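Only one structure is covered here, and it is reproduced in the block below.
The values are calculated or read from the model by the stated rules, or taken from the named source; none is laboratory data. For clarity, every value in this text was computed on a predicted model and none was experimentally measured. Here the Cβ positions follow ideal geometry from the backbone for every residue, glycine too, while neighbour counts run over all protein chains shown. Only protein heavy atoms, including side chains, enter the accessible area calculation; ligands, DNA and RNA are left aside. Shrake-Rupley method; radii C 1.70, N 1.55, O 1.52, S 1.80 Å.
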Amino acid sequence: MHIPVQFPSRRPGRTIDLLAHAPLFKDVPPDNLERIVAGTTEIRVERGRLLFQRGDPCVGFHIVVFGQVKLSVGTAAGAEKVVEIIGPGMTFGEALMFTDRPYVVSATALVDSLLLHVDKSVLDAELERDPRLARRMLAGLSWRLHMLVKDVESLTLHSATQRVIGYLVSLEDEGGGRVTLPAQKSLVASRLNLTPEYFSRILHELQDESLLRIEGRTLEILDPARLQAFGAQVSA
């Protein structure tokens, strides 16, 4: 297994700055950050490299500074199911870290990425000192649970076309109408529990209905209201 390049503590000032810009640690006092940075490691991962695999011990959590990380599991048939695509500012591993269980997914860099790994022991000590940080982490975990419930609801109650439409609407940039898929179409298809061929077919059907314009990984939603209305009508 490839071991990502790690930079433990050679540039504490830079690491503090990176931590301060992460949503989880926004507005956290400098004194707190200085203690947390003592257990924070910078990790550079090249595109396609494995960060960790299912079954590895989880002794902290990760923050994506820049880049993208794919969380996935293998199926019994040898295929891969994408669980989530993690982008800048997002975190992963918090829930397992608190349960002292190994990773249940594998993590692979989709592009060259820089991550921060915060050690559990340092974070535990800081949570004891500052309950505000605990509330922040609880809020983040609650949001992740909410999204998981929505995913389960989508997979069990919504048709394939409805799942695609819901996903595109969630990516829409403040009503601007243009959506860029966060990864190649095959990975997004796996995230939606679809085959790449079926995902592409649905996109082209939406384009034929004059609801989308497709330009590679960039999609233009031509009429958001009509797109959602169309999703409400379809059942397959």
Can you pull out the residues in the stretch 30-41 that are open to solvent by 20 Å² or more (accessible area, probe 1.4 Å) and touching a residue at least 60 places away in the same chain (Cβ under 8 Å)?
ARG35, ALA38, THR41
Within the stretch 188-210, the residues that are in contact with a Pro (Cβ under 9 Å, 6 or more places away or on another chain) and of a type in the set (A, V, I, L, M, F, W, C) are VAL188, ALA189
Hand me the list of helices (runs of 4 or more DSSP H) wholly inside the stretch 179-233 holding 2 or more residues that are in contact with a strand residue (DSSP E or B) (Cβ under 7 Å, 6 or more places away or on another chain), within 18 Å of VAL111 (Cβ to Cβ) and not assigned by the TED database to the domain that holds VAL73.
185-191
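For the stretch 84-132, enumerate the residues that are in a strand (DSSP E or B), under 16 Å from GLY55 (Cα atoms) and not aromatic (Phe, Trp, Tyr). I'd like the intermediate steps shown before the answer.
We begin by selecting, within the stretch 84-132, every residue in a strand (DSSP E or B); these are 84-86, 91-92, 106-109, 113-119.
With the extra rule that they be under 16 Å from GLY55 (Cα atoms), the set shrinks to 92, 106-108.
Residues satisfying the conditions are SER106, ALA107, THR108.
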Between a residue in the stretch 49-74 that is more than 20 Å from ASN193 (Cα to Cα) and any residue that is basic (Lys, Arg) and surrounded by 15 or more Cβ atoms within 10 Å (Cβ to Cβ), which pairs come within a Cβ distance under 9 Å, given they are 6 or more apart or on different chains?
CYS58/LYS120; VAL59/LYS120; GLY60/LYS120; PHE61/LYS120
Does at least one position in the stretch 21-42 carry a residue that is among the basic types (Lys, Arg), touching a strand residue (DSSP E or B) at 6+ places or on another chain (Cβ under 9 Å) and in a loop (DSSP other than H, G, I, E, B)?
no
Kindly check whether there is at least one residue in the stretch 57-65 that is out of contact with any Pro (no Cβ under 9 Å at 6 or more places or on another chain), open to solvent by 20 Å² or more (accessible area, probe 1.4 Å) and either among the aromatic types (Phe, Trp, Tyr) or farther than 16 Å from LEU115 by Cα (or both).
no
LEU127 fails exactly one of the following numbered conditions: (1) within 30 Å of THR195 (Cβ to Cβ); (2) open to solvent by less than 50 Å² (accessible area, probe 1.4 Å). What is the number of that condition?
(1)
